[in-house]
Amino acid sequence: PDGSPVSQQNYTYPLDLHHSPENTCASPISGSCVIDNENDLGLMIRQLETAMLGIDSGDLDRHAIAASGRATEVSVEAERWKYMKEMIARGDLKELLCTCAKAIESNDMYMTDCLIAQLRQMVSVSGEPMQRLGAYMLEGLVARLASSGSSIYKALRCKEPASPELLSYMHILYEICPYFKFGYMSANGAIAEAMKEESRVHIIDFQIAQGSQWLTLINALAGRPGGPPSIRITGIDDPTSAFARGGGLEIVGQRLRKLAESCKVPFEFHAAAISGTEVQLENLGIQPGEAIAVNFAMMLHHMPDESVDTQNHRDRLLRLAKSLSPKVVTLVEQEANTNTAPFIPRFLETMGYFSSIFESIDVSLPREHKERINVEQHCLAREIVNIIACEGQERVERYELFGKWRSRFIMAGFTPSPL
């Protein structure tokens, strides 16, 4: 470079140095002196470089290597930006989202900012299924950067529509999306089969929510040959989420009693407004002589396990259920690994799982339907944001794969039953 001492041939330092009083050479530098003392001149230049730049003479070779390394880094960086421009030109939303997640994981803030700006132009809550899912996944990434995932999760809890004639958005989702409905109906079928000879049935629902699952079961048991059994339902739900149903457990109980009365089914509802992590045997109201069915529908994945809490409430509740000697236990859960998977695999799992749901909704509800955005925002977006943005105890949407659930149930003493 132009600034190096070697390139500046008119520098006076070498000449002045040889004419200083400390110099042992009595004559001025001549051309023959430089040629004859080439090694001395080389040493002198190194000393001058050291004085000016603070570089040890023994480090020069290493600086040359470092310069070569920097050139390689520049080349790699250029290739990387070329790839990103090509990727943006392709307009592959999934690819851009994954690249943005990887940039966040590697703490590449410049790349992250560029990708977020580009992604905001590509996503839409009223567009194609992937555009809608992408909008919420992008918000999850932004929330991860801002460490605001937990507050967004709480703010987006499934809300009651303004019209009193409508059920909650969550119930609308169950009606329009076959994944959820299939799980609930399958659980009902298993319970009805296990209870076909029983006269007193006690169903313990660890997350009763709207209680909609039991409307069809009560109807089915009402028409059982020989008459319906007496049914008691213990509905457990976290009291802090009561606002999500516009009235809490009491309204759920009233609704179920009204239906049972119209079907002439002896019925009793026992409300247990308590968090799943606090449930104990005494909260369940067990009575002698009743056949027990335990229903875990979309709730066990909210319970912290051994990877989060030393108390491991996920397995504790399974052992509690086993202690009741139930006739049947039903499990409805999402088939994905968002529990212990690292961030990038978890991001990909979330994209794969929710893309199916958003495509399903797209078939069931027109894109201009006024409730669709609300359903997706309040019932799905909150889970997506929580999975992507949160870690540790703040990440409560911790799905597991079927094989892991089967292992947990077997360890608790259960045996699998064919559906």
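Here are a few things to note about the model shown:
- When only alpha carbons are used to place a centre, region 368-419 and region 139-157 end up 17 Å from one another.
- Candidate lysines - alpha carbon under 28 Å from K322, same-chain residues fewer than 8 apart omitted: K181, K196, K404
- The stretch between F402 and I274, if pulled fully straight at 0.36 nm per residue, gains 43.4 nm over its current Cα-Cα span.
- Packing-based order for 96-109, 371-384, using average beta carbon neighbours within 10 Å, highest first: 371-384, 96-109
- Length gained on full extension, I373 to K196, computed as 0.36 nm times the residue gap minus the Cα-Cα distance: 59.6 nm.
- Counting only protein heavy atoms and a 1.4 Å probe, region 67-147 has 53 square angstrom of accessible area per residue.
- Mean Cβ neighbour count within 10 Å, used as a protection proxy, ranking 220-231, 77-88 highest first: 220-231, 77-88
- Extension gain for C263 to E306 (0.36 nm times residue separation, less C-alpha to C-alpha distance): 11.1 nm.
- Simple spin-label estimate for N107 and L419 in nanometres, 7 Å along Cα-Cβ: 4.4
- 24 Å Cα-Cα reach of K85 towards lysines, excluding residues that sit fewer than 8 places from it in its own chain: K94, K102
- Global geometry of region 264-415, whether rounded, prolate or oblate, following the gyration tensor of its Cα atoms and the 1.5 cut on a/c: oblate
The values are calculated or read from the model by the stated rules, or taken from the named source; none is laboratory data. Given the structure is predicted, the values throughout are model-derived calculations rather than measurements. Glycine also receives a Cβ, built like all others from the backbone with ideal geometry; neighbour counts cover every protein chain displayed. To get the accessible areas, we keep the full protein, side chains included, count just its heavy atoms, and leave off ligands, DNA and RNA. Shrake-Rupley method; radii C 1.70, N 1.55, O 1.52, S 1.80 Å.
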